[in-house]
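S.K.: Please find one structure pasted underneath; my questions will follow.
The values are calculated or read from the model by the stated rules, or taken from the named source; none is laboratory data. Since we're looking at a predicted model, the values are computed, not measured. Note: ideal-geometry Cβ built from the backbone for every residue, glycine included; neighbour counts use all protein chains shown.
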Amino acid sequence: MSAPFTRLESDILDALAWDLGELAPDLAGHFAEALPGVRRNTGVGLFTEIIVHRARPAPMTSPTGRFGTVHAMVGDLPDPIAFQVELVAGRLIALHGDAYGQDTRDIDFARVPYDQIFTVDDRGQSVAFDPAELMQPSPLLTLHDHPDREPPPAVAAPLFDLGSVRGPGDAAPQPLLDLLFGSRTSTAPETPPADAPADQIDQISVRIALWVVLAVIALFAVVFFEVSVFLAVIIAGVVGRFLNRPPVLSGLARATRRFGQYEYRPPER
């Protein structure tokens, strides 16, 4: 799809937007959202109607008239053509080209070559319009403007002397194991074998613990489940007599000692 504006119109309007940046700061936006209407070769210049999109917000400023000092050398004309935009209440409506009386009837402004686009300052001096030179550098470039810094020196990791290299079957360094798990020569009492017969002291301890547990269960049954006190006492007595039989006590004592093997005992120092 071809561009709606000719190359000459596009470049001239870009230059006029830069030239009138203070008078009509949103002129470039108007041009970006516009389409050309009627085009005429006036014989001494050109006229292009510009239709701005209706949905575009109102202009930031409201000047009315023809504005701009943009000039360009067009075709074989000995003198430049002056270009101006026409604004009505700040809205772009047309582009005008004035050849200062030079005959332009044989010029096809859609294909004619052109160069030397420039503006005229307050002192009447020509100022070349070069978009590449007039464009301000991006502020993002300053993010990359930093002095080169030397990387900080590498910090050597601390080394631990673990002795000579050992094979898979060799024992780990004994001091490290002593630090983590205690010395093998600790004088802590050894736990009796799980299958050893329960002594009288173990059975007495288990019997006391059983009656305490049964009493607590009976109390909970009476308080929370509204069980009769008489019935709770009878059930606790029957269960207690069964659990206090010598074979049961011996088995419970043996189980208690087996669980005692897994009790954590801090290493002695």
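S.K.: Report those strands (runs of 3 or more DSSP E) wholly inside the stretch 1-118 carrying at least 3 residues which are out of contact with any Asp or Glu (no Cβ under 9 Å at 6 or more places or on another chain), crowded, with 20+ Cβ neighbours inside 10 Å and among the hydrophobic types (A, V, I, L, M, F, W, C).
M.R.: Where strands (runs of 3 or more DSSP E) fall fully within the stretch 1-118, none carries at least 3 residues being out of contact with any Asp or Glu (no Cβ under 9 Å at 6 or more places or on another chain), crowded, with 20+ Cβ neighbours inside 10 Å and among the hydrophobic types (A, V, I, L, M, F, W, C).
S.K.: Answer with yes or no whether Thr119 is within 48 Å of the chain's Cα centre (by Cα) and under 20 Å from Asp19 (Cα atoms).
M.R.: yes
S.K.: I need the full set of residues from the stretch 36-55 which are under 50 Å from the mean Cα position of the chain (by Cα) and over 17 Å from Glu86 (Cβ atoms), in order please.
M.R.: His53, Arg54, Ala55
S.K.: State whether one or more residues within the stretch 122-136 are assigned to a strand (DSSP E or B) and modelled with pLDDT of 95 or more.
M.R.: The answer is no, given that none of the residues of the stretch 122-136 is assigned to a strand (DSSP E or B) and modelled with pLDDT of 95 or more.
S.K.: Sticking with this one: Taking the stretch 204-225 on its own, how many of its residues are in contact with a Leu (Cβ under 7 Å, 6 or more places away or on another chain) and aliphatic (A, V, I, L, M)?
M.R.: Total meeting the criteria: 2.
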